[in-house]
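A short worksheet on the structure shown next.
The values are calculated or read from the model by the stated rules, or taken from the named source; none is laboratory data. Because the structure is a prediction, the values reported are computed rather than measured. Note that each Cβ is placed from the backbone with ideal geometry, even for glycine, and that neighbours are counted across all protein chains shown.
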Amino acid sequence: MRRHDDAAGRAGEPDWYAAGHWRGETLWDSLVAAARQAPGATVDDGREAVSLSALHERACRIAGGLSAAGVGAGSAVIVQSRNSVDACAALLACFAGGFVAIPLPPMFSAAQVAAVAASAKAEALILLEEEDGQRPADVLAAAPALKAAFVAGPAGAGSDKRLRAWGDCLGANPLAPAPPHPDADHMVLYSSGSTGSPKGVVHSGNTLRFAVEALARFHQVGRTDRILVALEFGFVGGTVLGVLLGFLAGASTVLMRRWDAGECLAAIERHAITYTLLMPTHCFDVLRHPDLDRRDTGSLSRAIMAGATPEQRRAATGRFCGIPLPMYGMSESIGHCTCALDDAQESRNTTDGRPLPGTDMQVLDEDGNQVPAGAIGNVFLRGPNRLRRYQARPDLTAETIVAGGWFRTGDRARYSEGGFMTFIARAGETIRRGGVMIQPGEVEAALRDHPSVAEIAVVAVPDRRLGERACACAVLIAGQRLDLESIRQHLAAAGLPRYQWPEFLLILDEFPRTPSLKVRRADLAALARQRLRDAIEPGG
């Protein structure tokens, strides 16, 4: 098993054990202890509801099935599923049996799953959906190192002896827990970032546990809570900051298999949900759903609305939830910034939060100096929640984890004197118009309260003379109109200088999105270039 002390890029990193942020107890033992202290806590996927202790018993049987199939300690196990009790049990089976869990969302294709299996040298595959009977055979054909594929649905054509029924795991003799050291690899998250291809982000038991426990303390999540997991299995916001958060906090957890705003509101009412995490599209859908004011969501005392606009958080306050909370983080540095429940309401509405206690943030200029309050700079993060390395990418690990253990995020942000940060844009999203830099996030922030705008994104389009110019891409509120002159008047009233005003406008019915609902800005920029070709390439 890999340990932190043999991973790359740690020069000058603080001693997280000495600081009290990491501990020698295994993650599995922490989960078992939490379950014992919360005998009434359950996990409910709409098909079945089981206690946490029953979930652990199921996990040990699954671990026994994996072991009987020849999967060795320290080997990777891919779990592809929607949110379900069985998916959670399979995840915990890895922690109990000393395997490395790779949770993948259901929309990953067979080719993507096979590529992940090859990169991680995975020995087992668990497929819990029944939507594509050919998928197991396709993955096994492309990943000869796999020793077994456990399938809930049809196994598909062929006679590959590695194909096994999921019931073989569920009915196996339990494996006596043999959890890995908390510094060993526990989970690899495959990021669905809005730029570039997915990357395998490796976390240990200690990095996962710290992230979850720090957030639970900051947001006061405990055994009396009922958590709704709306994000799909495999994404950090659902699998770590939803499922694991509930299990380690001893809270009851309700799982949504598919996103539906109406069902979300119904679940909050039906289960008296007290806490959840939503992405921007979820917030957009919920705040415009006709059932919002018909459902009783009074139990929802706080909700993370990651990436939501200030207007959305204001609109949600007292109507959808008691306290909407921001969050800034990523698979590489889980849940790094948010607000506490007693932070000023204006900070909760208008910023992306402050670093969790025990973590650090720097916002630096191009020379590596701290920028003054209010200025925009490059974001560097450090903490016991930071990834240990990228899977099979030592080059990327060395590039992003720099001296002192700081993670180079590639993000641009503004940092206030009070320690709150406001995300501006990915560094690669900066628009370079001649010799002037335009930060899309600043323009987008000013346009979000335009009365016609439902969603806005500003991207670069090429220009032969200036290099790039700005295009505003908008989804409109039903029945509204928008033109460039209206945008310019709005930005002028907001005080933005003329050089930041977009020179093109593209109106769309919806934005292209990643599986975790982030806007695919690269795809949006490509669409803008295609739609505006005649305007940006006259005579071309």
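Worth pointing out:
- So ALA261, is it buried (at least 24 other Cβ atoms within 10 Å of the Cβ), of a type in the set (A, V, I, L, M, F, W, C) and farther than 17 Å from HIS336 by Cβ: no
- Close pairs (7 angstrom Cβ cut-off, 6 or more residues apart or separate chains): surrounded by 20 or more Cβ atoms within 10 Å (Cβ to Cβ) in segment 417-428, assigned to a helix (DSSP H, G or I) and among the charged types (D, E, K, R) anywhere: ILE424/GLU442
- Hits in segment 93-105 (condition: modelled with pLDDT of 95 or more and outside any loop (DSSP other than H, G, I, E, B)): ALA93, CYS94, PHE95, ALA96, GLY97, VAL100, ALA101, ILE102, PRO103
- For segment 451-472, filtered to residues that are under 25 Å from the mean Cα position of the chain (by Cα) and touching a residue at least 60 places away in the same chain (Cβ under 8 Å), the residue that is surrounded by the fewest Cβ atoms within 10 Å (Cβ to Cβ) is ALA454.
- Restricting MET256, MET279 to those that are of a type outside the set (D, E, K, R), in the same structural domain as ARG314 (by TED's automatic domain parsing), at pLDDT 95 or above and closer than 29 Å to GLU510 by Cβ reduces the list to MET256.
- Within segment 210-261, tally of residues that are in a helix (DSSP H, G or I) and among the β-branched types (Val, Ile, Thr): 5
- Apart from one condition, THR276 fits all of (1) over 27 Å from GLU442 (Cβ atoms); (2) outside any strand (DSSP E or B); the exception is (2).
- For segment 284-292, the criterion of being crowded, with 24+ Cβ neighbours inside 10 Å and either more than 15 Å from the chain's Cα centre (by Cα) or of a type in the set (S, T, N, Q) (or both) is met by at least one residue.
- Within segment 289-303, residues that are in a loop (DSSP other than H, G, I, E, B) reach partners that are hydroxyl-bearing (Ser, Thr, Tyr) and at pLDDT 95 or above with beta carbons closer than 6 Å, at six or more positions or on different chains, in the pairs SER299/THR274; SER301/THR274.
- Some residue of segment 216-234 being at positive phi, at pLDDT 95 or above, over 17 Å from the mean Cα position of the chain (by Cα) and surrounded by fewer than 21 Cβ atoms within 10 Å (Cβ to Cβ): yes
- All positions within segment 478-499 that are surrounded by fewer than 20 Cβ atoms within 10 Å (Cβ to Cβ) and in contact with a helix residue (DSSP H, G or I) (Cβ under 6 Å, 6 or more places away or on another chain): ALA494, LEU496
- All of ASP365, ASP343, ASP293, ASP360 fail the test of being modelled with pLDDT of 95 or more, acidic (Asp, Glu) and farther than 30 Å from TRP22 by Cα, apart from ASP293.
- Selection from segment 373-390 of residues that are modelled with pLDDT of 95 or more and not in a strand (DSSP E or B): GLY383, PRO384, ASN385, LEU387, ARG388
- Verdict on VAL475 being modelled with pLDDT of 90 or more, surrounded by 13 or more Cβ atoms within 10 Å (Cβ to Cβ) and closer than 14 Å to LEU532 by Cα: no
- Hits in segment 304-349 (condition: closer than 30 Å to VAL201 by Cβ and part of a loop (DSSP other than H, G, I, E, B)): ALA306, GLY307, ALA308, THR309, PRO326, SER331, GLU332, CYS339, ALA340, LEU341, ASP343
- Flag if THR276 is without any contact (Cβ under 8 Å) to a residue 60 or more places away in the chain, surrounded by 21 or more Cβ atoms within 10 Å (Cβ to Cβ) and among the hydroxyl-bearing types (Ser, Thr, Tyr): yes
- Output for segment 18-44, where each listed residue is more than 25 Å from VAL229 (Cβ to Cβ) and either surrounded by fewer than 14 Cβ atoms within 10 Å (Cβ to Cβ) or of a type in the set (Gly, Ala, Ser) (or both): ALA18, ALA19, GLY20, GLY24
- Boolean, ALA266 is assigned to a helix (DSSP H, G or I), surrounded by fewer than 21 Cβ atoms within 10 Å (Cβ to Cβ) and of a type in the set (A, V, I, L, M): yes
- Selected residue (criterion: surrounded by the most Cβ atoms within 10 Å (Cβ to Cβ)) from residues of segment 103-148 that are among the charged types (D, E, K, R) and in contact with a Ser or Thr (Cβ under 7 Å, 6 or more places away or on another chain): GLU123
- The residues listed here are GLU510, GLU503, GLU485; of these, the one that is without any contact (Cβ under 8 Å) to a residue 12 or more places away in the chain and acidic (Asp, Glu) is GLU485.
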